[in-house]
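Scroll down for the structure; my scribbles are underneath it.
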Amino acid sequence: MNMFLEHFPDDNKQHGWVEVVCGSMFSGKTEELIRRLKRAEFANQKILLVKPAIDDRYHKENVVSHQGTSFTALAVKDSQAVLDIWKKEKVVAIDEAQFFDAGIVDVCNSLAEKGVRVIVAGLDMDFQGVPFGPMPQLLSIAEYVTKVHAICLSCGSLAQFSHRTGDAKEQVMVGAVEEYKPLCRSCFNKIAH
Ligand code: ZN
């Protein structure tokens, strides 16, 4: 993968865009999101970072990569809340976008049309290899898509599947990182089915 080289929103321009960073568990999505945010910060861009809240309260939370770098995020209850708390920041980043309701697509379009650089990070497939929540639509409307890969723990190839090692069946399992194992297509098909 070539390193994504960004440009920054111009105060005098009314058009923004949408970037999506997607991939499996352990693919480095959050590292890539944080890398882009740090660079936006160096460029003196105001940033709003949001993630979906597990409960209904607004609160601050750190978005922490597996490598330990972090950025402060606001946890919001739904996609509409992203627009409600937006204070004209030129960069809006959305982490864990797969957990948002379908309205997140309109929110991203609407922000981009207001001149915002929207950076979305999320799991593109759930543990069964099914496209996750609003991610397919977000990938479609984005100007720029970066798919990052983990390494298959069975054979060492590039991995795009997040195989769940436990036997829980629900699609949303928050915070249970140790339950997942990145696999390539071939190993996923052998192990998961
Ligand atoms: Zn493999």
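Since every read-out is calculated from the coordinates, none of them should be taken as a lab result. Please read all numbers here as calculations on a predicted model, not as lab measurements. Every residue, glycine among them, receives a Cβ derived from its backbone with ideal geometry; neighbour counts consider all protein chains shown.
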Point to revise | Of L123, T30, Q45, farthest towards positive along the dipole that unit charges on Lys, Arg, Asp, Glu beta carbons give the stretch 17-148 | key: Q45
Review point. Fewest first, what order do C155, C187 take by the number of other Cβ atoms within 10 Å?
Key: C155, C187
Practice item. For every other residue with a beta carbon closer than 15 angstrom to the beta carbon of V21, add +1 if it is Lys or Arg and -1 if Asp or Glu, then tell me the sum. Key: 0
**Study point:** Estimated 222 nm signal from helices in the chain, with DSSP H stretches of n ≥ 4 weighted -39500 (n - 2.57), rounded to 500
**Key:** -6500 deg cm²/dmol
Check your understanding: Relative to the longest principal axis of the chain, what angle (0 to 90°, nearest 10) does the C-alpha long axis of helix 29-42 take?
Key -> 20 degrees
Exercise for review: Quantify how much of the Cα-Cα distance distribution of the stretch 17-148 extends past 19 Å, in percent.
Suggested key: 44 percent
**Study point:** Burial ordering of F26, F161, fewest other beta-carbon atoms within 10 Å first
**Key:** F26, F161
Practice item. Excluding S154 itself, calculate the net charge of residues whose Cβ lies under 11 Å from the Cβ of S154, where each Lys or Arg counts +1 and each Asp or Glu counts -1. Key: +2
Check your understanding: Where does helix 104-113 land angle-wise versus the long Cα axis of the chain, in degrees 0 to 90, nearest 10?
Key -> 40 degrees
Revision key, fill the gap. Net charge near A40 (other residues with Cβ under 12 Å of its Cβ; Lys, Arg +1; Asp, Glu -1) is +3
Check your understanding: Where the only charges are on Cβ atoms (+1 Lys, Arg; -1 Asp, Glu), what is the dipole of the chain about its Cα centre, to the nearest 20 debye?
Key -> 420 debye
Check your understanding: Using the alpha-carbon centroid of each, what span in Å lies between the stretch 69-114 and the stretch 138-160?
Key -> 22 Å
